[in-house]
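In what follows, a structure is listed as structure tokens, so that the remarks can point back to it.
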Amino acid sequence: MPDTLVAVGGGRICDLGKWVAHRLGTRLVAVPTTLSSDAFSTGYSVLWDGERNTPVRTKPPDVIVGDYDILIHEPKRFVLAGLGDMMSKVTALFDWRLAFWLAGERYSDYGGANIARSTVDLLTRRLENIAKMNYNGIETLFLSEVTDGYLMEISGTTRVAAGSEHLFAFALENMGAEGMHGGEFCALGTVLMSYLQDQEGMCVPSSRGLACRSPQRPWA
């Protein structure tokens, strides 16, 4: 039995690699070829059980290799989907805080939430670089997705990066919605959930740049 498994590909390949490495008890090296989600960095895998996509606990990679010469050639749509996945922390962190107050769930302000907010702030400042897919933009998105895996491990929960907007995305996927990537579903879910959360001044990526909600202009 090999002692190291190498997963090269997109989110589904990395999810499968994490599951196999977890079952075999081997080390895992993840080499993502797209940045459409943080799947390559987390200790969870979203697997199809024959009826629906189900997130299961597996293991995070032991080593993650990000090759700029590979990632720069991925379709731009994958990059925007990854940005949507990362920006969903805006609503996920709100939900996490709500779960702490209403359900008594564990909450990590210093070790998880504050770092996650800093990640969102950095992505917002470098939005133009990400859209241009230059080195600074690709590096920022890649390291943000790597950080997601780290945050889930130190906080002990996926809530630091996924909330009601991800449940919305999973629901659409399980209903058979096609033509969009998971990160695009998450971006749409972030817009809708932020409205339900009544978050003013919240911004998410759109085809025209940042779409921001305010009392005067619900989404401008």
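Which of the residues belonging to segment 145-167 are of a type outside the set (Gly, Ala, Ser) and more than 25 Å from Val65 (Cβ to Cβ)? Thr157, Arg159, Glu165, His166, Leu167 - these are the residues of segment 145-167 that are of a type outside the set (Gly, Ala, Ser) and more than 25 Å from Val65 (Cβ to Cβ).
When residues in segment 29-52 are screened for being among the aliphatic types (A, V, I, L, M) and surrounded by fewer than 23 Cβ atoms within 10 Å (Cβ to Cβ), 4 of them pass. Looking across segment 172-198, the residues that are surrounded by fewer than 14 Cβ atoms within 10 Å (Cβ to Cβ) and among the small types (Gly, Ala, Ser) come down to Gly176, Ala177, Gly179. Of all residues in segment 90-111, exactly one satisfies the criterion of being surrounded by 24 or more Cβ atoms within 10 Å (Cβ to Cβ) and either out of contact with any Asp or Glu (no Cβ under 7 Å at 6 or more places or on another chain) or among the charged types (D, E, K, R) (or both), namely Trp96.
Looking only at segment 77-89, residues that are surrounded by fewer than 24 Cβ atoms within 10 Å (Cβ to Cβ) and either touching a Pro at 6+ places or on another chain (Cβ under 9 Å) or under 12 Å from His166 (Cα atoms) (or both) come to 1 in all. A single entry from Val79, Val90 fulfils the requirement of being in contact (Cβ under 8 Å) with a residue 12 or more places away in the chain and touching a Ser or Thr at 6+ places or on another chain (Cβ under 7 Å): Val90. Within segment 120-170, being outside any helix (DSSP H, G or I), under 23 Å from Gly189 (Cα atoms) and over 15 Å from the mean Cα position of the chain (by Cα) holds for one residue alone: Arg126.
Among the residues of segment 1-32, write down those that are under 17 Å from Trp48 (Cα atoms), of a type in the set (A, V, I, L, M, F, W, C) and more than 21 Å from the chain's Cα centre (by Cα). Of everything in segment 1-32, just one residue is under 17 Å from Trp48 (Cα atoms), of a type in the set (A, V, I, L, M, F, W, C) and more than 21 Å from the chain's Cα centre (by Cα), namely Val20.
Can you name every residue in segment 17-73 that is assigned to a strand (DSSP E or B) and β-branched (Val, Ile, Thr)?
Those that are assigned to a strand (DSSP E or B) and β-branched (Val, Ile, Thr): Val29, Val31, Val46, Thr54, Val56, Val63, Ile64.
Here is a check on your reading of the model: is Arg97 closer than 20 Å to Leu196 by Cβ and among the basic types (Lys, Arg)?
yes
We did not get these values from a lab; they are worked out from the coordinates using the rules stated. Predicted model only: the values in this text are computed from it and were never measured. Here the Cβ is made from the backbone with ideal geometry for all residues, glycine too, and neighbour counts use every protein chain on show.
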